[in-house]
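K.L.:
Encoded as structure tokens, here's the structure I'll be asking about.
Since every read-out is calculated from the coordinates, none of them should be taken as a lab result. This is a predicted model, so every value here is computed, not measured. A quick note on method: Cβ atoms are made from the backbone with ideal geometry, for glycine too, and the neighbour counts reach across all protein chains shown.
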Amino acid sequence: MARATKLATKPALATFASDLAAPRGQELALGELDEHVGYFARRFQVWIFQDLLKALASADIRISHYSVLVIIKANPGLAQSEIADAVGIEPARLVRILDELERRGWIERMRSASDRRSHALFLTTDGQKAFERIKRLARQHEDTVIAKVGAAKYKSLLKILKEIGNGFKADA
């Protein structure tokens, strides 16, 4: 008899659970997540990264490598430690990225004239050419973002994120 009771209970629980489930096709309730900036920031960040990875795929470059190239291009002669700070990468990870960029012939490290323990970083001629191609791919990605969110929201979002990002720099 105990066995029959167990079998009879399982379908009743399954029926009860299905009665409580939201109907298919209805928007999923987010509960407390609906009030968390971090949840939506993360969802947007995941979409941004996936799209940018797809855009950069033809150049066979990662987002972190692209970011480092951008900083070197904008600041020729910058020290490795300053690049690590600007991009938010651990120094040991930055060394691996720089090794890869150097192996590709895109950057060169030169001893700093003011501090022989430090290296100044520069794009090579091949690095400049590669950067221009990669920059076009990244621009296509940004155009996709603008098309998705609209030009006005894009400008507002960029302004807000810059303000927030600068605030974090000040707190560090």
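K.L.:
Over all distinct Cα pairs, what is the inverse of the mean 1/r for segment 61-172, reported as the Kirkwood hydrodynamic radius in Å?
P.N.:
Values: mean 1/r = 0.0647 Å⁻¹.
Its Kirkwood hydrodynamic radius stands at 15.5 Å.
K.L.:
While we're here: Between ALA113 and PHE40, what is the FRET efficiency for a Förster distance of 41 Å, r being their Cβ-Cβ separation, to the nearest 0.05?
P.N.:
Values: r = 47 Å, r/R0 = 1.15.
Efficiency, from the Cβ-Cβ distance: 0.30.
K.L.:
Something else: Need the C-alpha centroid separation for segment 79-143 versus segment 28-46, integer Å.
P.N.:
Between the Cα centres of segment 79-143 and segment 28-46 lies a distance of 34 Å.
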